[in-house]
Amino acid sequence: MRSSLVLVAFASSLTVASAAPSFAADYAVPPITRRASTVPYIDRGPNPYCGPRCGCPIVARVRHRSLEQAYSYAFDPRTRDEPHYFYGPVRTYVRYANPAYPERVQTY
């Protein structure tokens, strides 16, 4: 009895849904309006890292040996040994400095 009642209710809901007119299809589509962005766009020219406040950063390339670390082949994590530090190969690093303080390029 219950299953037939559910089947009749389902069939009647499908009939009512398909017979109902669709008024939403008759609505007019609102025109798309472009709004101005709330974030101002600043044209920075060819270099995006230059700004009116700091200017363009000074790029300095420095070469020095890298500090690396390694554990020995007999490392046991239960003993909490310190890693072995050593100097690796010479590499080139890039440092950036503020044009207002160019002498700080060699300091961290």
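FYI, it's all coordinate maths here, none of it is from the lab. Computed from a predicted structure; not experimentally measured. No Cβ is skipped: glycine too gets one built from the backbone with ideal geometry, and neighbour counts run over all protein chains shown.
Just to verify a number: FRET efficiency for GLU68 and ARG95, C-beta to C-beta distance, R0 = 22 Å, to 0.05?
0.65
What FRET efficiency comes out for the pair VAL105/THR79, r = Cβ-Cβ distance, R0 = 35 Å, nearest 0.05?
Using R0 = 35 Å, I get an efficiency of 0.25.
Report the calculated FRET efficiency for ARG34 and CYS56 (r = Cβ-Cβ distance, R0 = 35 Å), to the nearest 0.05.
0.60
Can you give me the three principal axis dimensions of region 48-104 from its C-alpha atoms, in Å, biggest first?
Taking the Cα atoms of region 48-104, the three principal extents are 56, 23, 21 Å.
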